[in-house]
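Here's the structure, in structure tokens; my notes come after.
The values are calculated or read from the model by the stated rules, or taken from the named source; none is laboratory data. Owing to the predicted nature of the structure, the values given are computational and were not obtained by experimental measurement. Here the Cβ is made from the backbone with ideal geometry for all residues, glycine too, and neighbour counts use every protein chain on show. Only protein heavy atoms, including side chains, enter the accessible area calculation; ligands, DNA and RNA are left aside. Shrake-Rupley method; radii C 1.70, N 1.55, O 1.52, S 1.80 Å.
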Protein chains: 4
Amino acid sequence: MSNSLGRLFRYTTFGESHGPAIGVVIDGCPAQLPLTCAEIDKELVRRRPGQPLTSPRKEPDCVEILSGVFEEKTTGAPICLLIRNCDVDSSKYEPIKDLLRPGHANSTYLAKYGHIDWRGGGRASARETVARVAAGAVAKKYIGQEGMAVSARLVEVGGKDAAHLEEVIRDALAQGDSVGAIVEVVATGVPPGLGDPIYEKLDAELAHALLSLPATKGFEIGSGFAAARMLGSEHNDSFGTDANCAGGVLGGISTGQPLVMRVAFKPTSSIAKPQWTLDIEGKPTLLELPQGSRHDPCVALRALPIVEANVALVLADRLLVYKAYAPCDRTVQRQPLSTLGDRLGE
Amino acid sequence: MSNSLGRLFRYTTFGESHGPAIGVVIDGCPAQLPLTCAEIDKELVRRRPGQPLTSPRKEPDCVEILSGVFEEKTTGAPICLLIRNCDVDSSKYEPIKDLLRPGHANSTYLAKYGHIDWRGGGRASARETVARVAAGAVAKKYIGQEGMAVSARLVEVGGKDAAHLEEVIRDALAQGDSVGAIVEVVATGVPPGLGDPIYEKLDAELAHALLSLPATKGFEIGSGFAAARMLGSEHNDSFGTDANCAGGVLGGISTGQPLVMRVAFKPTSSIAKPQWTLDIEGKPTLLELPQGSRHDPCVALRALPIVEANVALVLADRLLVYKAYAPCDRTVQRQPLSTLGDRLGE
Amino acid sequence: MSNSLGRLFRYTTFGESHGPAIGVVIDGCPAQLPLTCAEIDKELVRRRPGQPLTSPRKEPDCVEILSGVFEEKTTGAPICLLIRNCDVDSSKYEPIKDLLRPGHANSTYLAKYGHIDWRGGGRASARETVARVAAGAVAKKYIGQEGMAVSARLVEVGGKDAAHLEEVIRDALAQGDSVGAIVEVVATGVPPGLGDPIYEKLDAELAHALLSLPATKGFEIGSGFAAARMLGSEHNDSFGTDANCAGGVLGGISTGQPLVMRVAFKPTSSIAKPQWTLDIEGKPTLLELPQGSRHDPCVALRALPIVEANVALVLADRLLVYKAYAPCDRTVQRQPLSTLGDRLGE
Amino acid sequence: MSNSLGRLFRYTTFGESHGPAIGVVIDGCPAQLPLTCAEIDKELVRRRPGQPLTSPRKEPDCVEILSGVFEEKTTGAPICLLIRNCDVDSSKYEPIKDLLRPGHANSTYLAKYGHIDWRGGGRASARETVARVAAGAVAKKYIGQEGMAVSARLVEVGGKDAAHLEEVIRDALAQGDSVGAIVEVVATGVPPGLGDPIYEKLDAELAHALLSLPATKGFEIGSGFAAARMLGSEHNDSFGTDANCAGGVLGGISTGQPLVMRVAFKPTSSIAKPQWTLDIEGKPTLLELPQGSRHDPCVALRALPIVEANVALVLADRLLVYKAYAPCDRTVQRQPLSTLGDRLGE
């Protein structure tokens, strides 16, 4: 069951890059939520390949709702969302199908499963993330009803401010190389009380979800690694102010302030530049990706909707757990703890 | 069930800082593993308070094995390990029991559970980690049998190299303040093939486990955030070399090279310096921790065995899942993929 | 996640009777298992409607493998199996769409989810079981490799020996009524040691799986309810004999003897005979199922492959957990404990 | 994690019959529930050994609350309940420690774990159930707040009406034998809507919980096995009446009527009468339980509070899941569906 995440709002993804389809089953979405294909497709468009500076693969990425929705509302039954793979061309990969690819998962998949699904990366391909974005669209709809919103942005590409994006990417492409990036994601409207200590802390679950994305190498929340260089008196957020070193979480539970996180993406492992490697029999070989191989020079470019989806999915899940324990006469609190003075002072 | 972690080697911790005891139930430890109290106590000693530069609380921290071990071997039944709290003095906390503590979890626990367990931080106290260390001692024993070892070290304290530890801490104490730190943890002997894509990737699970520790704000593996500033051609580790930007994981599966991770700890929220805060009715108040309050000026000092424990517990769990799928005539592989050339070339 | 079952060999089903498709995602099937559509279809044929004495609905029930299989072998990635619904005619249900149906789940689904999916029973339809049979075909293949086999048979229909099947069913149909039945299922080749006390006892898990089938009201293993009328000296199976009051399980762990279970099915709730009921506004109404409504007069007739599938899925799951803990130099034991004398005496 | 049950109200038991203690950790109990040791002890008294016709073992069975309760209210943190074993005398078992015991779990534990915990049955002993009763006391308190109650009674002992209990037991004891029994358990006040299809159906979960009890061989709900002999027109309960063939569950979801279940217990495997068996080396041997061995001639006598506890624990768990999905302005419905006419007609 390693392809599932979530306690109550649980999703399971399936599919390979060059198989017939990618999909997801969402189990535990509340009934009566209005939902249409168009709403999901709108999110899929945001991560679709074939846009400038991204992989030239042409995928329409239109979702089919196979179950769980009737008369444009969720029924409480599991929702299966299917996205067919249309622009599949595995032939390009045939010449390199016996080569280990540096920085790529095909070597570890070989070690673990005894074979390589060489068609476009198989299950390890970032194409799997289309399923998360579809599931995330449903989660966003659900948490949106409670006033929550999630938004990601690129803050750094190839070591530079994201304003220099185009230039950095073109340079990398010109060299047959790739670059890494840092994405920041903010969730607003999160009520105080989400997250379940000790081992389902909200920040631990967010880290888990985000580091399940391909090519991620680091996660931080609020002050993050900078916290290690601060004094306690600087770091402790004062109540009644906007200070948010905590990044919206204390003791694993949301404070009501915005959640602020950053994720580090490594440079795409697939590069045009030739690299020495081994074949599956251990013989040193020069790996040259075939002309027309289709890769993103920077995976983070299309990662924004994916990162948002993963955060929304965690929040939807934690909201349901929260509701299980909330006294029924207490509605979801929307005021952050930082305004507790005002609220309680009334 | 938010106080549990692990799929097959699963542990559940319980207990509060000033309650009668802290404990853990390990469910899923293989039978026939030799185990004594002394082996567990040896790890507990490493995190014990009352050492120089740490909290002056005096706890003997001796474990009692309540179940799951017979004739000094595990039986396959759940192992309950109990550590009594001995040096409990809640009276010190009485004067501040109605105050929200900046940077501390008592405000979010109040929001979530409707009350504050003001006795020494209750469940949110880092005292919970004694249970993890006890469980981790069992995990270390188990993975040690397969040649794995885990070792953590402080790399940075208060923004300085850990060599300056004493000086940094004494400065902070003199100012009534606290400092953050960065801990690096390395696991060696990890065979290729541990970790289960997509949502139980080894690195995602390690991040989850480590960020469930109190006071953590960031996690990175291998190149970590630095990856965002590298080119693909620099970052892709060559097979047959020691290069390890991956930090021992590709596609969520171990490569056989050492796992290398870093965790950022924020400065302890409890400081001697007075801070403005609110009481639970929202009235601004000056918080002065009582004379004799017992806190660590830097939580990371005692964190080393705790960090190790969490990593060992994840590895034990993933090793069991690995074995479920390993062909029985294939023993656990110990050679890293980086030496695949040698191995396969034979 | 209530639509999933299994710890390691985990499956999640989705789809409604009159939606576009029924399907299942199997997560945790070992890699390298040979698998083709034809093998799955062979099982689907056994439960297909349109056979004598069963619902006249015409479904080809051909599976499409959407993921997890490459070059006719499983890859270790999740396997999505899809069966399109072809012969859907919801119009027949329109006249009764606002009526609660006695003995049917539409009243409880209304209470729980706030709506009725009136199209052929929606998610509560026994059509969901086609997904289990598909998943079960994979499980059977896997446990078959280890020498296990599962076989079900009707032992009683409408209170009579199953030899009288045709006559009993025709009588019921003639009266516009339906009948219940008892199915016995036997699993052979089960090695000693499967099942995990205390709460994942093999028999408890089998009961759970089988009572998740529609229309089931009872489960027993071995001597079952008759055990309540026996003396200990009669009931205790002697080692070295074929006595099997235990039904193949002692203390929740398989003994190595055949697993023998029985499941009670109630009569189908959908009957031609008119019944008084309420509409969704609480008004008493006479329910007459429309001419041409398609139902099985006895659900148990097509239940045999479904019951087998559920048992096979539990065994596959428990086999994997067993392997996680089995010393690698110990192969799966196939001799029952009853022959321990012979085995150990050698 | 096979020693845990429940999705949100989750409990994990530990301990052996002759180890230092038996205990349970309840994780996921709502905060602010009033709770004292005395309330738990009251339930423990009901299953305590040393009563007439039961095992002569003398256990005070007083609970110690180790965590999760502060100022006599639950805190939301995990609740550890500990019951020390006081009257342990393993010496009686020494003479038979190398003998397989017919009908007992020591042979399968040996096969699975490679050893026998011969001290009074170890983990397989019914003494484990003291932990369930303790946990069940907490669950009863919680569901009691919502108007639910659970009550079990003996309906049949040794094949006779339970009115003949004393006589049947004394006969069995006189012969050095044991008898089986049937227990009926009824839960009232269960609101419509509990239970989560398809694989967390309320009846499937109840069966799972009850068949995890030692010595159980069968489970039925409502009409149970008798359903197999009924016509649909007889079995379908009419709305607006007390008819309850369903036993309070349709499609896996509670109807609002009482839950009615029966569990079959086999005769205790430990009997005074000598039995031929094998020793662990496979040599035929006569097993004579030592004078003074302490066993119940009929396990079902003390099973009533245990059966109730298991049902209460399932209901507590399903109530929490129900609440996660209930609109916050809708309070838990207490009227059964059978009165829907009245309710909706208003």
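The rotation axis that maps chain C onto chain B passes nearest to the beta carbon of this chain C residue, listed with its distance in whole angstrom: C:A324, 2. The accessible-area ordering, largest first, of the residues D:H104, D:H164 stands as D:H164, D:H104, per a 1.4 angstrom probe. The value for the stretch D:40-161 of Rg(Cα) / (2.2 N^0.38 Å) is 1.31. The Rg/Rh ratio of chain D, with Rg taken over Cα atoms and Rh as the Kirkwood radius over Cα pairs, comes to 1.00.
Using a 7 Å offset from Cα along the direction of the beta-carbon, what are the separations from D:K97 to the same position in each other copy, nm, ascending? In nanometres, ordered from closest: 5.0, 6.1, 7.2. The D-B contact accounts for approximately 3000 Å² of buried accessible area, totalled over both chains at a 1.4 Å probe radius. Contact residues in the stretch C:96-125 (at least 50 Å² less accessible area with all protein chains than alone, 1.4 Å probe): C:T108, C:A111, C:K112, C:Y113, C:H115. May I ask for the percentage of alpha-carbon pairs in the stretch C:91-224 that lie more than 21 Å from each other? When every Cα pair of the stretch C:91-224 is considered, 60 percent fall beyond 21 Å.
The residues of the stretch A:54-74 listed by number as losing at least 20 Å² of accessible area in the complex, against the isolated chain and with a 1.4 Å probe, are A:E64, A:L66, A:S67, A:F70. The lysines whose alpha-carbon is closer than 18 Å to the alpha-carbon of C:K58, local same-chain residues fewer than 8 away aside, are C:K42, C:K92. Each part gets one Cα centre, and for the stretch B:181-235 versus the stretch D:1-46 those centres are 36 Å apart. Burial of accessible area (probe 1.4 Å, heavy atoms of protein chains only) in the stretch A:1-29, relative to its chain alone, reaches at least 30 Å² for A:M1, A:S2, A:N3, A:R7, A:L8, A:R10, A:T12, A:F14, A:E16, A:P20, A:V25, A:D27. Here each label is just a point 7 Å from Cα along the line to Cβ, and for C:R153 and D:E234 those points are 2.6 nm apart. Remark: relative contact order (chain B) = 22 percent; criterion is Cα-Cα distance under 8 angstrom and separation of 6 or more residues. Across the copies of the chain, A:P34 has label points (7 Å from Cα along Cα→Cβ) spaced 4.6, 5.4, 6.9 nm apart, shortest distance listed first.
Only protein atoms count toward the accessible area here, which uses a 1.4 Å probe; on the protein assembly as shown, the carbon and sulfur part of that area reaches 53 percent.
A Förster radius of 56 Å combined with the Cβ-Cβ distance from D:T188 to A:L286 puts the calculated FRET efficiency at roughly 0.15.
The eigenvalues of the Cα gyration tensor, multiplied by 5 and square-rooted, give the stretch D:123-199 an equivalent ellipsoid with semi-axes of 32, 17, 13 Å from largest to smallest. Volume per residue of the convex hull around the Cα atoms, evaluated for the stretch D:68-136, comes out as 122 Å³. With a Förster radius of 22 Å applied to the beta-carbon distance between A:K97 and A:K160, the computed FRET efficiency rounds to 0.05.
Relative to the longest principal axis of the Cα atoms of chain C, the long axis of helix C:129-144 makes an angle of roughly 10 degrees. Computed about its Cα centre, the charge dipole of chain A is approximately 400 debye, with only Lys, Arg, Asp and Glu carrying charge at their Cβ.
Spacing of the modelled spin labels on C:Q145 and B:E71, each 7 Å from Cα toward Cβ, amounts to 3.6 nm.
Classified by the C-alpha gyration tensor, the protein assembly as shown has a rounded form. Its axis ratio a/c, with a ≥ b ≥ c, is below 1.5.
Placing a label point 7 Å from Cα along the Cα-to-Cβ direction at C:G176 gives distances to the equivalent points in the other copies of 6.4, 8.0, 8.8 nm, listed shortest first. Give, to the nearest whole percent, the P(r) tail of the stretch B:207-310 beyond 20 angstrom, counting all Cα pairs. Counting pairs separated by more than 20 Å, the tail of P(r) holds 58 percent.
With protein chains left intact and a 1.4 Å probe, residues in the protein assembly as shown average 31 Å² of accessible area per residue.
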